[in-house]
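To keep things clear, I will list the structure first and then write my remarks on it.
Throughout, read-outs are computed from the coordinates displayed, never taken from laboratory work. Just so it is clear, the structure is predicted and the values come from calculations on it, not from any experiment. Cβ atoms come from the backbone with ideal geometry, glycine included; neighbour counts cover every protein chain shown.
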Amino acid sequence: MIQPLEKSESRKVIYSVLIVIGLHICWLLTSLFVRDMAIAGRMLITRITYWMCFGAICWYAARIEKQPLLLWPEKPHPFVFYIGSVILILLVIVLIAASIALPLSRMGFKPSNLVLQILTLPLSIKLYTVITAGVLEELVFRGYIQSRLQLLFKTEYPPILLSALCFGLLHASYGTLINILMPFIIGLIFAFHYYKYRNIKILIICHLLIDANALLHTTIPTH
């Protein structure tokens with residue numbers, strides 16, 4: 001387990017987290033800048049930009065921090081644990097969605113028009129979007145941010161909460177409460193699992209499956 005940083009090094013961790021937040025703010029501004037473009041071009045540009053942000057984070061970790069992107073070494077688990085974890089995580093998320101998101105939807109909090117537009121995209125762009133989100137967001141929010149926040153707070157709960165909050169706010173560009181609330185809850189579940197079991201691959205698999213289910217189905221709501 002990574003040992004807490006000395007006080008003289010805590011500032012470096014704060015800078016690292018602030019830089020990642022700053023990059024994501026720039027990415028969100030890019031989303032606003034291209035909001036009038038056709039949805040296909042918009043998704044391509046914003047996802048390419050996110051890969052560039054991820055590259056900058058990797059460069060910063062290697063060249064400035066001089067340490068791995070993932071501070072916590074991957075902990076191996078039996079294959080059955082992978083299967084069971086994925087099933088359990090997805091089941092919990094489905095139950096939470098049914099108890100929170102559906103009532104909010106009936107109250108008028110509908111998914112944004114952007115989400116509905118994404119459903120009309122070609123399969124290739126949908127796959128590109130799913131892979132970008134499923135892989136990069138886990139490496140950044142769980143692998144990079146959460147482990148560094150852990151060094152600052154030295155307890156599990158603030159890093160779990162803050163990394164999930166950042167993850168939820170990342171989805172603010174979708175424009176609705178549901179599109180922020182559900183990612184925040186998912187972020188809490190993922191962050192707790194990552195803290196306890198130290199395996200990012202399980203979360204990447206779950207994230208890919210969640211986004212694939214959301215984006216790759218062909219039924220588009222009409223009301």
Which value in nm describes the separation of the simple spin-label points at Glu65 and Phe79, placed 7 Å from the Cα toward the beta carbon? 3.3
Tell me, what is the FRET efficiency for Phe153 and Ala212 to the nearest 0.05, using R0 = 35 angstrom and their Cβ-Cβ distance as r? 0.55
May I ask you to list, by number, the DSSP H helices of the chain whose Cα span along the axis is at least 18 Å and whose average Kyte-Doolittle hydropathy reaches 0.0 or more? 7-33, 39-59, 79-96, 157-170, 178-197, 200-215
Lys/Arg +1, Asp/Glu -1 at C-beta; the chain dipole; positive extreme among Gly84, Leu203, Tyr60: Tyr60
Dividing the surface of the Cα convex hull of the range 10-128 by four yields a projected area in nm² of 11.1
Added length on full extension, which subtracts the Cα-Cα distance from 0.36 nm per residue, Ser10 to Val86: 23.9 nm
Please report, in debye to the nearest 20, how large the charge dipole of the chain is about its Cα centre when each Lys and Arg carries +1 at its beta carbon and each Asp and Glu carries -1 there. 180
Using a Gaussian network model on the chain with a 10 Å cutoff between Cα atoms, which of Asn213, Asn179, Asn199 fluctuates the most? Asn213
Contour minus end-to-end for Leu95 and Cys26, with contour as 0.36 nm per residue of separation and end-to-end as the Cα-Cα distance? 21.4 nm
Based on the mean of other Cβ atoms within 10 Å per residue, sort peptides 89-99, 150-160 so the most packed one is first. 150-160, 89-99
Nearest 20 debye, what's the magnitude of the dipole of the range 24-98 about its Cα centre given +1 on Lys and Arg Cβ and -1 on Asp and Glu Cβ? 120
Computed [θ] at 222 nm, deg cm²/dmol, the chain (DSSP H ≥ 4; -39,500 (n - 2.57); rounded to nearest 500): -21000 deg cm²/dmol
